[in-house]
Amino acid sequence: MYTISQRNTKLRYKAIKEEYRLQMKRNNGMPLAQIHREFIYPKFYISLRTLYNIIYTPDSLLTF
């Protein structure tokens, strides 16, 4: 089973997921790659593949 044990990683994943969800609400219909390019990358400096991994990480793994 996939687990995340480090606290800072969990906090970072939560922040990225919150930003992604916020931008999805604001920019309904905008492709994921464009949201990554305009909003996520300038703030968090992560690749598109990493963003996919974070988005598809279950929220249950991000609890303390």
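The values are calculated or read from the model by the stated rules, or taken from the named source; none is laboratory data. Quick caveat: nothing in here was measured; it's all calculated off a predicted structure. Note that each Cβ is placed from the backbone with ideal geometry, even for glycine, and that neighbours are counted across all protein chains shown. Heavy atoms of the whole protein, side chains included, go into the accessibility calculation; ligands, DNA and RNA do not. Shrake-Rupley method; radii C 1.70, N 1.55, O 1.52, S 1.80 Å.
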Counted residues, the stretch 25-45 - those being touching a helix residue (DSSP H, G or I) at 6+ places or on another chain (Cβ under 7 Å) and surrounded by 13 or more Cβ atoms within 10 Å (Cβ to Cβ): 6
Sole residue being under 10 Å from the mean Cα position of the chain (by Cα) and in a helix (DSSP H, G or I), chosen from Arg21, Arg49, Arg37: Arg21
Residue in the stretch 52-64 that is nearest to Ala15 (Cα to Cα), counting only those that are open to solvent by 70 Å² or more (accessible area, probe 1.4 Å) and assigned to a helix (DSSP H, G or I): Asp59
Filtered residues of the stretch 1-13 (kept if in contact (Cβ under 8 Å) with a residue 12 or more places away in the chain, out of contact with any Pro (no Cβ under 9 Å at 6 or more places or on another chain) and open to solvent by 70 Å² or more (accessible area, probe 1.4 Å)): Thr3, Arg7, Arg12
